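The values are calculated or read from the model by the stated rules, or taken from the named source; none is laboratory data. All figures in this text were calculated on a predicted structure; none of them were measured in a lab. Note that we place each Cβ from the backbone using ideal geometry, even for glycine, and neighbour counts take in every protein chain shown. SASA here: full protein model, heavy atoms, side chains in, ligands and nucleic acids out. Shrake-Rupley method; radii C 1.70, N 1.55, O 1.52, S 1.80 Å.
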Amino acid sequence: MDNILEVNGLVKRYPAFSLDNVSFSLPEGCVTGFIGANGAGKTTTIRSILNLAHKDAGTIKIFGLDAEEHEQEIKDRIGIVMDGSYFYNDLSMRDMKSIIAPAYSKWSDADYRSYMEKFELDPKQKISTLSSGMRMKYALVLALSHQAELLIMDEPTSGLDPLVRSQFLEIIKEYMKNGGKGVFFSTHITSDLDKIADVLILIDGGKIIFQQSKDELLDMFRIVKGSAALLNDQNKNLIKSLKVSSYGFTGLTNQVAEVKKELPDVLLEKATIEDIMLAYIGGDNNDR
Ligand code: ATP
């Protein structure tokens, strides 16, 4: 399988933050979720990939082409959803579309109209009067209307209500069906990942923590629950995010066979993406 996007040794330094040698690759045919806490470096990575932030080191290849040398060709072949701040507020969506469409060699007015209808957007409405969710929907319509082979999106579902979010996820599934495509999107909404991601990349403090198939990741981890009296200094090391209370302990393990051997009397349950993410970035899941 070919890689549709390859990031190698990416460094971007800000005064108080750096992307530290970020490397990952996106195989064709996969929806990849890019996850991490606030300030972890997701937007900076996406902006560097798109040449919107000037990188200090590293190489980025999209469709096998160097992202700086072939910027024009690449931008013609990708759909981008960032915050809609590049729209002209005084224009209607129809007029904004007329400016954007000629920039793409494969623009389809039929696709544009069909997505506008699906998302219930009125082309005559002025951009300054759109709610943040409507702006996001409009950005999605534009990204999907020029036969893009790769969609790169920064938190595309964050401002969407549950109905539109579910429509969006269906549209992404539909988009992937045509083959030869890829989707890379950052999100905080782990239920979106449950529904559509094939691969997950976790970033923390500007470093990539893992890139892994979602199914493999969910297979690897289990929540462990049991009586606190079962724990000792050795078997404690098998458990991440360990929390002990007077009722017992709970934690997460990726050493399931060892836990079964060393702690035969504990309960093992399926973990969620959120559990796994929190175990890696040291957060606390109070809902559990
Ligand atoms: P969130 O989930 O909150 O959107 P993020 O993972 O997208 O976070 P980034 O927006 O990439 O995080 O920010 C990473 C760090 O880089 C933050 O500490 C931020 O303050 C810093 N940063 C981002 N842009 C700039 C800039 N233009 N100048 C200086 N620092 C910046």
Of D56, D111, D83, the only residue that is under 27 Å from D192 (Cα atoms), touching a residue at least 12 places away in the same chain (Cβ under 8 Å) and within 16 Å of the ligand (Cβ to nearest atom) is D83
Filtering region 100-151 down to residues that are surrounded by 15 or more Cβ atoms within 10 Å (Cβ to Cβ) and of a type in the set (D, E) yields D111, E149
Answer with yes or no whether S18 is in a helix (DSSP H, G or I), among the small types (G, A, S), farther than 21 Å from R135 by Cβ and within 16 Å of the ligand (Cβ to nearest atom).
no
Restricting attention to region 62-111, the residues that are over 24 Å from I172 (Cα atoms), of a type in the set (D, E) and under 25 Å from the mean Cα position of the chain (by Cα) number exactly 3
Only unsatisfied item for T190, checking (1) farther than 22 Å from E6 by Cβ; (2) more than 15 Å from the ligand (Cβ to nearest atom), is (2)
In region 27-73, anything hydroxyl-bearing (S, T, Y) and under 16 Å from F184 (Cα atoms) is listed as T32, T43, T44, T45, S48
If you go through S92, S114, the only one that is in contact with a strand residue (DSSP E or B) (Cβ under 9 Å, 6 or more places away or on another chain) and at negative phi is S92
Determine whether region 36-45 contains at least one residue that is more than 18 Å from the chain's Cα centre (by Cα) and within 27 Å of E274 (Cα to Cα). no
Checked against (1) small (G, A, S); (2) in contact with a strand residue (DSSP E or B) (Cβ under 9 Å, 6 or more places away or on another chain); (3) over 19 Å from L144 (Cβ atoms), S191 satisfies every condition except (2)
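Could you please find all residues in region 5-22 being closer than 23 Å to I196 by Cα and open to solvent by 10 Å² or more (accessible area, probe 1.4 Å)?
Step one: list which residues in region 5-22 are closer than 23 Å to I196 by Cα, which gives 5-7.
The answer is E6, and nothing else.
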By residue number, the members of region 30-49 that are within 13 Å of the ligand (Cβ to nearest atom), among the aliphatic types (A, V, I, L, M) and not in a helix (DSSP H, G or I) are I35, A37, A40
Within region 172-222, the count of residues that are open to solvent by 10 Å² or more (accessible area, probe 1.4 Å) and either of a type in the set (A, V, I, L, M, F, W, C) or in a strand (DSSP E or B) (or both) comes to 15
